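The values are calculated or read from the model by the stated rules, or taken from the named source; none is laboratory data. Only a predicted model underlies this, so the values are computations on that prediction, with no experimental measurement involved. Every residue, glycine among them, receives a Cβ derived from its backbone with ideal geometry; neighbour counts consider all protein chains shown. Side chains included, ligands, DNA and RNA excluded: accessible areas come from the protein's heavy atoms. Shrake-Rupley method; radii C 1.70, N 1.55, O 1.52, S 1.80 Å.
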Amino acid sequence: MAEMFRGFLSNDSAFGRLMTRLGIIIAANIMFMIFSLPVVTIGAAYVALYHVMFKTLRGDGVINPFKQFWIGFKTNFKQATIYWVVLLALVAFGALDVFWCRQFGGVFQYFIYLIFALGVIALVLTIYLFPTMAAFENTLPNLLRNAWYFALRKPLNLIVILFFNVFPLYLTYTDAQMMPLYGFIWVTCGFGLVALLGATLLLKEFTPYLPKVDACGDFILDEEDEAAWADSPDEPERLSAGGGAPEKSEAEILEEMKKLGM
């Protein structure tokens, strides 16, 4: 009985793996909440959250969520913050436009629908940009193009990811009676669970374009990457984000984008 109980609680058991995964989600979620406090860093914090989830899903080993979150945060801070600040400015501008259109009335009322349509496009792009930024190292314009590519590629995934990113937040702010419970869930693990779901769905789409990893989720380097590693020992994770040989070439990726009219 004692041996069975120890086996049940071991890290290699199904229960142990579940508890380990849950601990990673909670730790990453708490880091996300802390790093989001300045508001302008929410974008970089969300990318870091996805970085932890991808690292967890791609390897069977136990990761340090605090270390991986920090790596994802500092690596993508500049691009994610630039996009997030621009997005906040556009949201403020759009809200002001809606206000004035309602004040003027008449034909200006129709512009509200256009603003909301642009808002939906921006929402979809944002939801896909953060995991794309966490998985790939590229310029911001190319990341935006890639995010839109992955969003259009699997409409069903888009609907599921959009639903779980929007509806729980809507439910939280509309159900005043249950808001304390919802708030507790968001603070402890809510954002991490949403990110894990998104990462699980998107990883299938990302994997053909990502370098191979070992059992611990670390990238397997080719000769060129090993030489770069030797020259840049202080930034191994930055190097590994784009290292290794992806399964699909750039020409194949561009050809698929053309088929989608991009």
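Can you give the relative contact order of the stretch 48-171 as a percent, counting alpha carbon pairs under 8 Å and 6+ residues apart?
Once normalised by length, the contact order is 23 percent.
At what distance in angstrom do the alpha carbon centres of the stretch 36-100 and the stretch 111-169 lie from each other?
14 Å
Leaving ligands and nucleic acids out of the surface, order Arg153, Arg58, Arg102 by accessible area at 1.4 Å, largest first.
Final ranking, largest accessible area leading: Arg102, Arg153, Arg58.
Please list, ordered by chain and number, the residues whose modelled amide H lies under 5 Å from the amide H of Phe136; skip anything fewer than 5 residues away on the same chain.
Here nothing satisfies the definition.
Using mean Cβ contacts within 10 Å as the protection proxy, how do 196-205, 91-100, 72-81 order, highest first?
Descending packing order for the listed peptides: 72-81, 196-205, 91-100.
Taking the radius of gyration and the Kirkwood hydrodynamic radius from Cα positions alone, what is the Rg/Rh ratio for the stretch 73-144, to two decimal places?
The Rg/Rh ratio comes out at 1.12.
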